[in-house]
Amino acid sequence: SFDKDRRNVGRASAGMQFQIPLDSTTGEAELMLVSPADQARVGIAYPAPASTSCGAGEYIDETSVKEGISLLERKCSKCPVDTFQPSTNNDFGCRACPEGSGTAGDTGADVCVAMDENLVPQGMITFGCVIVGVNFLLAITFAAWTIKYRNDPVVRLGQKEFLLLLCCGSFLSSSSIIPLSLQAGIFDDDAAKAASAACTAVPWLYSTGWILQYSSLFAKSFRMRQVMKATRRMRQVKVTAKQTLLFVLAALMLNYAIIIPWTVIDPYTWERVELGVTVDKDAGVITYESVGNCSSEHLGAWLGSMLGYHLCIMLATNWILWTLRFMNDRYQESKYVTLASLFACEFLLMGVPIMIAVGDSSQLRYIVLVLIIAFSDMG
C-alpha cells in the first residue's frame, strides 16, 4: 500500500540506506537498516554519502555522489595539486598545503613537501653589491686622480705605473664578490650552470687582483732598493718600470700555475648538499633542507697552496720595505704597506676561524667572505 505521497508503506523487505535518524540532533546521515515504513517517514539525505571511505590522498567527490548511479560504488577522487589528505577519510575535500609547501605539481598527495634551500636573502646580496660599488668607485677615483696628476712630483715618486696597477688589482679583487652573489635553487638547472661558471671565476678574479696589488708593491719597492744600493756604492744605475714589471708578470704566471690546474682538474663549481629531512606530522609537511655553495673535492689543498703563495709574496714585499725603512718617507711607503699588510692578515686570521664556525650557514659565509675581500682591498 502507499500513503498520500505515494510512498510504499506496505510489506516489503528491509534494506540498508543512508538516512537522517528521527532523533538526530546533528542532522548527520547514518547507514541504517530500515523498513519500508521508515523509509517513507525519515528525511532524505542529499547528497548521499559514499558507502566506502577514501584512502590517503583522496576525498569523496561530491559530483560523483550526486551523479553516481549506485550507492555502493566508490566515489573517491585524487586530491588536487597543492592539497593533501594524510589518512583514510570521508571528507568532501582535501586540506590545503601550508604556506611555503606544495606537492610539486602532483595530485593525490598524502603529504606536502617543503624545500629549505638556505639561499642568501636578497638584502644581503644587495649589501654585497653596494660594497662592490664603493670599492669600484674608490679604485676608479684614485686611478683617475693618478692619471690627472701624473706629472706631479708626489705621483712621480710614487711611480704612477704601479699606482695604477694597485687600483686595477683592487678593482679585480673586489669584482669577485659579484660571482659570489650568484646562487641557484634545487630545481633551477639553468641558474645552477650559471652559478658554477661564476664559482669558477671567483679564484681567478680574486687571486689576479691580489697579485697585482702586492706584486706591484714588491716591484716598486725592489726598484727603489736597487737605486738605494747603487747610491751607497756611488754608482749610477737605471731601473726602468718595464724591467720591474717583469716581477709582476712572473708573480701572475706562478699564481696561474696554481689556478689553471685547479680549474682543469678539480673545478670550483656550484654544489648543493642535503642537510637533512624534517617531518611535521601535525602540519602534514616533510621539509628537505639543503645548502648550496661553491666547492671543490680538494678545496683545502688548492686554497692552502694559493694562500701560501700569497703569504710568501706578502712577506717578501714587507722584507724589502723593511730594508728601506731608513729612507725618507717621501720615497718609500714601508709604514703604510706594513699597516695594510697587518690589516689584511688580521682579516684573514679572523675570517678563517669564523668561516669554520659558521658551518653550513650560507648567509653568514657570504657576509664573511664579502667583508674579508672588501676590507682587504680597502686597506
Those residues of the stretch 101-117 which are open to solvent by less than 70 Å² (accessible area, probe 1.4 Å) and either assigned to a strand (DSSP E or B) or not hydroxyl-bearing (S, T, Y) (or both), in sequence order:
G102, G105, G108, A109, V111, C112, V113, A114, D116, E117
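Conditions (1) open to solvent by less than 60 Å² (accessible area, probe 1.4 Å); (2) basic (K, R), marked per residue:
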position	(1), (2)
A143	yes, no
T146	yes, no
E161	no, no
G169	yes, no
P179	yes, no
Q183	yes, no
K220	yes, yes
M224	yes, no
Counted residues in the stretch 278-299 being more than 17 Å from A195 (Cβ to Cβ), open to solvent by less than 60 Å² (accessible area, probe 1.4 Å) and under 20 Å from the mean Cα position of the chain (by Cα) come to 1
Considering residues that are open to solvent by 20 Å² or more (accessible area, probe 1.4 Å), among the small types (G, A, S) and in contact (Cβ under 8 Å) with a residue 24 or more places away in the chain, the number found within the stretch 187-215 is 3
Selection status of V120, at pLDDT below 90, buried (at least 17 other Cβ atoms within 10 Å of the Cβ) and β-branched (V, I, T):
yes
Among residues of the stretch 262-277 being in a strand (DSSP E or B) and without any contact (Cβ under 8 Å) to a residue 60 or more places away in the chain, the residue most open to solvent (accessible area, probe 1.4 Å) is E274
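The values are calculated or read from the model by the stated rules, or taken from the named source; none is laboratory data. Just so it is clear, the model here is predicted, and its values are computed rather than measured. Cβ atoms come from the backbone with ideal geometry, glycine included; neighbour counts cover every protein chain shown. When the accessible area is computed, the model is the full protein with side chains, heavy atoms only, and any ligands, DNA or RNA have been set aside. Shrake-Rupley method; radii C 1.70, N 1.55, O 1.52, S 1.80 Å.
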